[in-house]
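What follows is a short report on a single structure.
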Amino acid sequence: MTEMINPESGMTLKLLLPTKVLLDVPVTKVIAEAQNGSFCLLPKHIDFVAALVPGILTFTQADGQEQYVAVDIGTLIKHGRNVLVSVVNAVRGDDLNKLHELVKEHFIHLDEQQRMTRSALARLEAGVMRNLIQLEKQRYG
């Protein structure tokens with residue numbers, strides 16, 4: 001559940017992935033990157049929508065601590081005091097050097113999953129083709 005924040009000093013940042021909510025935290029500042037460059041959102045800024053590019057999303061928590069999230073392509077919407085970010089992939093870290101390593105590990109894992117998925121799909125396609133050939137042979141003998 002989102003913590004209550006002082007309406008004069010903060011926003012709520014919610015970061016959504018396809019399978020889970022990665023963040024739902026009170027923040028005082030959000031910095032992200034769109035196709036035309038980086039931008040900063042503060043609580044009193046106007047409502048805003050941006051298509052995000054892969055990069056680092058930086059946010060300052062209500063306690064003043066700066067945090068980082070490596071994000072893939074996605075969308076950011078600021079509406080009132082709510083900042084909603086929806087991305088395909090994201091990795092959170094509190095130190096940029098550690099985040100670099102986490103991202104590298106995450107993408108190595110994704111590459112392995114994609115390789116396994118492509119292999120399974122190729123086996124499935126080959127099995128379907130074998131079955132179709134067998135059906136043709138049975139039908140026309």
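The values are calculated or read from the model by the stated rules, or taken from the named source; none is laboratory data. Not measured: the values here are computed from a predicted model. All Cβ positions, glycine included, derive from the backbone under ideal geometry; neighbour counts span all protein chains shown.
Summed over the stretch 36-71, the residues that are of a type outside the set (A, V, I, L, M, F, W, C) and surrounded by 17 or more Cβ atoms within 10 Å (Cβ to Cβ) give a count of 5. If we keep just the residues of the stretch 110-141 that are under 40 Å from the mean Cα position of the chain (by Cα) and of a type in the set (S, T, Y), which is modelled with the highest pLDDT? Per the criteria, the residue is S119.
Take P43 and tell me if it is farther than 23 Å from K98 by Cβ, in a loop (DSSP other than H, G, I, E, B) and either small (G, A, S) or at pLDDT below 90 (or both).
Details: farther than 23 Å from K98 by Cβ: yes; in a loop (DSSP other than H, G, I, E, B): yes; either small (G, A, S) or at pLDDT below 90 (or both): no.
No, not satisfied.
Among residues of the stretch 57-68 that are in the same structural domain as E33 (by TED's automatic domain parsing), those with a beta-carbon under 8 Å from a residue that is small (G, A, S) and assigned to a loop (DSSP other than H, G, I, E, B) at least six positions away or on a different chain give the pairs A62/S9; A62/G10.
If you check L84 against the conditions, is it within 30 Å of G10 (Cα to Cα) and either in a strand (DSSP E or B) or modelled with pLDDT of 85 or more (or both)? When the stated conditions are applied, L84 passes them.
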